[in-house]
C-alpha cells in the first residue's frame, strides 16, 4: 500500500516545478524585452505581453499550490485543494486579457504596417525562447505524471500554447525582417491571439469542472466500485459520489450488507473495503456508509437517493449478483454519483 508520504512527495514536486516556472517566465521577459527594443516586431510584442502574463499566472500558481497543500483546519475540513482550481481561473482570465490585447494590436498593425528591424536579434531570441519553453513543458509533464495537479496542468497548458505561439512568432519575425512583408508579422500576432483565446477556454472549462465538483471519470468510478465489491459480503454499492479537491479524490458511498451482522462485523467489512480502495487511490479521502440489505430506506439529506431509485438500484444489484459466475464480482450499473 502506498503510504501518505506519496501526497507529500506530490506537493514537493509541485512546489519545485512552480519555482522553475516563475524563473522561466522572468528569463523570457528579459529576452523578449531586449528583442522588442531592437526590432519593434508586433509578434515579439505579442510574445512579450504573453510572457508578462505568464509571470503573473506562474506566481498565482506558485502561491496556490502551497496554499492547496496546507492540511485541513477547523474552517476548511476538506482541506484547501480547490485553491489550485482558483489559480487556474486566474490563469484563464489573464490569458483572455492577453488575447484581446494582442488581437487589437495585431489588427492595428495590419491596417498600418510597420517595418521589422534587427531581425537577426529577434530571431535569435525567439529561438532561445522556444528552447527554454520546450524544456519547461517537458519538466512540467514529468511533474504532472507524479502529481496530477490542476494548477500545474493549467500552467503547462499555458506554456504549451506559448511554445506553439513562439513558432508562429518566429515565422512572423522572419517574414517581416527578411521577406519584406510586415503584414505577415502582424498576421502572426493575430494567430497568437486566437491560439491564446482557445487555450483559455480549455483552462476555464477544467477549472469550472473542479470548482463545480464534477465527478471523476467513469473508469475511476467503476474501479472504486469493483474494489469495494471484491468482498462477497458487500452485495451492492449505491449513492456513490466523487469529486476532486486539488490532488485529493473525495469519495463517499453507501454499501449493502447483511442486516443480521453485528455493528463490529459491519465496521470491519467497511474498513477492509476502504483499504482496498485506498490501495488503488492512496491520495483519497473516503467515507463508506453501511446499509442493511433489503430493509434500508433513503436517507442523508437533500441529495439522498429517492426511494424509487434506491429500489431500482437494489434490484439491479440483485440481478447482477445472480447473473455472475461463482467467484466473480458483481458490478452494479448505477447510480455512480
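The values are calculated or read from the model by the stated rules, or taken from the named source; none is laboratory data. Keep in mind the model is a prediction, meaning the values are calculated, not measured. Here the Cβ is made from the backbone with ideal geometry for all residues, glycine too, and neighbour counts use every protein chain on show.
Would you confirm, using the coordinates I've provided, whether residue 262 is in contact with a helix residue (DSSP H, G or I) (Cβ under 9 Å, 6 or more places away or on another chain) and outside the structural domain of residue 86 (by TED's automatic domain parsing)?
no
From the set of residues in the range 221-252 that are free of Cβ contacts under 8 Å to residues at least 60 places away in the same chain and buried (at least 17 other Cβ atoms within 10 Å of the Cβ), which is farthest from residue 10 (Cα to Cα)?
Step by step, filter the range 221-252, then rank; the result is 234.
Would you pick out the residues in the range 16-51 that are touching a helix residue (DSSP H, G or I) at 6+ places or on another chain (Cβ under 6 Å) and under 24 Å from residue 84 (Cβ atoms)?
Correct list: 17, 18, 21, 22, 24, 25, 28, 50, 51.
Please tell me if residue 124 is more than 25 Å from residue 244 (Cα to Cα), at pLDDT 80 or above, in the same structural domain as residue 96 (by TED's automatic domain parsing) and surrounded by fewer than 17 Cβ atoms within 10 Å (Cβ to Cβ).
no
Please find, among 268, 312, 290, 284, the residue that is modelled with pLDDT under 75 and outside the structural domain of residue 77 (by TED's automatic domain parsing).
On inspection, the qualifying residue turns out to be 312.
So that you can scan it fast, the table gives a plain yes or no per residue for (1) under 30 Å from residue 187 (Cα atoms); (2) buried (at least 24 other Cβ atoms within 10 Å of the Cβ); (3) at pLDDT 80 or above:
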| site | (1), (2), (3) |
| --- | --- |
| 38 | yes, no, no |
| 67 | no, no, no |
| 73 | no, no, no |
| 86 | no, no, yes |
